[in-house]
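The values are calculated or read from the model by the stated rules, or taken from the named source; none is laboratory data. This structure is a prediction, so every number in the text was calculated from the model and none was measured. Cβ atoms come from the backbone with ideal geometry, glycine included; neighbour counts cover every protein chain shown.
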């Protein structure tokens with residue numbers, strides 16, 4: 001930011017030039033599933049495991065996960 005830059009309200013400017021940097025982490029990505037995608041020998045009564053590259057918040061991720069075929073009301077969903 002250049003020296004003398006004023007606030008949005010037009011108040012006093014900065015005394016000197018100012019610079020900063022920051023970095024972000026990449027979005028978590030799905031690294032593996034169990035059973036594997038397209039697995040023809042998956043146990044129809046077995047569990048489904050999703051492994052992500054970083055910690056996730058299940059409350060935000062699970063509402064965006066689709067299982068096909070859709071589990072029935074009698075099925076159990078357990079988050080670790």
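Brief remarks follow.
- For the stretch 1-28, residues that are within 30 Å of residue 54 (Cβ to Cβ) and over 19 Å from the mean Cα position of the chain (by Cα) total 4.
- Residue list for the stretch 37-50, restricted to those being surrounded by 10 or more Cβ atoms within 10 Å (Cβ to Cβ) and under 24 Å from the mean Cα position of the chain (by Cα): 47, 48, 49, 50
- Pair list, Cβ < 6 Å and 6+ apart or interchain, from the stretch 37-49 residues that are free of Cβ contacts under 8 Å to residues at least 60 places away in the same chain to residues that are surrounded by 10 or more Cβ atoms within 10 Å (Cβ to Cβ) and not in a loop (DSSP other than H, G, I, E, B): 49/34
Each row is one residue, and each column tells you yes or no for (1) within 23 Å of residue 25 (Cβ to Cβ); (2) modelled with pLDDT of 80 or more; (3) in a loop (DSSP other than H, G, I, E, B).
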residue: 38; (1), (2), (3): no, yes, yes
residue: 42; (1), (2), (3): no, yes, yes
residue: 47; (1), (2), (3): no, yes, yes
residue: 50; (1), (2), (3): yes, yes, no
residue: 55; (1), (2), (3): yes, yes, yes
residue: 61; (1), (2), (3): yes, yes, no
residue: 75; (1), (2), (3): no, no, yes
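- The criterion of being touching a residue at least 12 places away in the same chain (Cβ under 8 Å), surrounded by 10 or more Cβ atoms within 10 Å (Cβ to Cβ) and within 28 Å of the chain's Cα centre (by Cα) holds for residue 31.
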